[in-house]
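> Starting off with a structure, shown below.
Nothing in this text is a laboratory measurement; each read-out follows from the coordinates by a stated rule. Quantities reported herein were computed from a predicted structural model and do not represent experimental measurements. When we count neighbours, we look across all protein chains shown, and the Cβ atoms used for this are built from the backbone with ideal geometry, even at glycine.
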């Protein structure tokens, strides 16, 4: 699964209607350009591709008073919402080696109900446990990873990463069970998007050909 697809759909959905620079600004505000492939070119490409696929609807608005081509704004379609929720649920439940996918899911988890999120995260912990059980049977000898030479450190690294991931996920489950955050159906959730014209303190400053739109 690509994190950029989930990130872009989620950002457009939160705004209701957004142009490419707004989506980029949101994702940079989250630091997604540091922990995912959400670079300017990837964001604009994803918007155009998902519009072609019917997941987003593109609207061209009048050119700016300064001239130039019309700005394209996007809204999410019914098919796009279905895809977004499918990706969101999968990102929370599966044991992915890609941390950007889980990070994207955590960023949008409040779009689901509290009990559903708890169930998905519990599935993730079970998936980690099943993966760990399977690999330790073959790749972790009793006398340590050195039996396979330095190559043994590869699986040793992944096992420690899995253990850390499971511990972190159980901590998140506990916080959610104790009432942390506002989930769907519970009231007004925290929305981490920037309003039009709001300065982004984490902007990269890198320009893209479509930023002027």
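> Hey, fewest Cβ within 10 Å first, where do 100, 111, 163 land in order? Intermediate results must be reported in sequence, preceding the final value.
On the way: 100 21, 111 17, 163 13.
Ordered from fewest to most neighbouring Cβ atoms within 10 Å, 100, 111, 163 come out as 163, 111, 100.
> Moving on to the next point. Counting only Cα, what are the radius of gyration and maximum Cα-Cα distance Dmax of segment 1-127, in Å?
Over segment 1-127's Cα set, Rg and Dmax evaluate to 15.3, 56 Å.
> Expressed in nm to one decimal, what extension gain is obtained for the pair residue 170 and residue 35 from 0.36 nm per residue of sequence separation less their Cα-Cα distance? All intermediate terms of the calculation are to be shown ahead of the outcome.
Details: separation 135, 0.36 × 135 = 48.60 nm, distance 2.20 nm.
Value of the extension gain: 46.4 nm.
> What distance in nm separates the simple spin-label points at residue 49 and residue 106, each placed 7 Å from Cα in the Cβ direction?
Those two pseudo-labels are separated by 2.5 nm.
> Which parts of segment 169-188 would a label at residue 81 reach, counting a residue when its backbone N lies under 16 Å from a point 7 Å out along Cα-to-Cβ?
184-185
> Sorting check: for 117-128, 3-14, which peptide has the highest mean count of neighbouring beta carbons within 10 Å, and how do the rest follow? Please report the intermediate quantities before stating the final value.
Values: 117-128: 18.3, 3-14: 24.5.
So the peptides 117-128, 3-14, ranked by packing, come out 3-14, 117-128.
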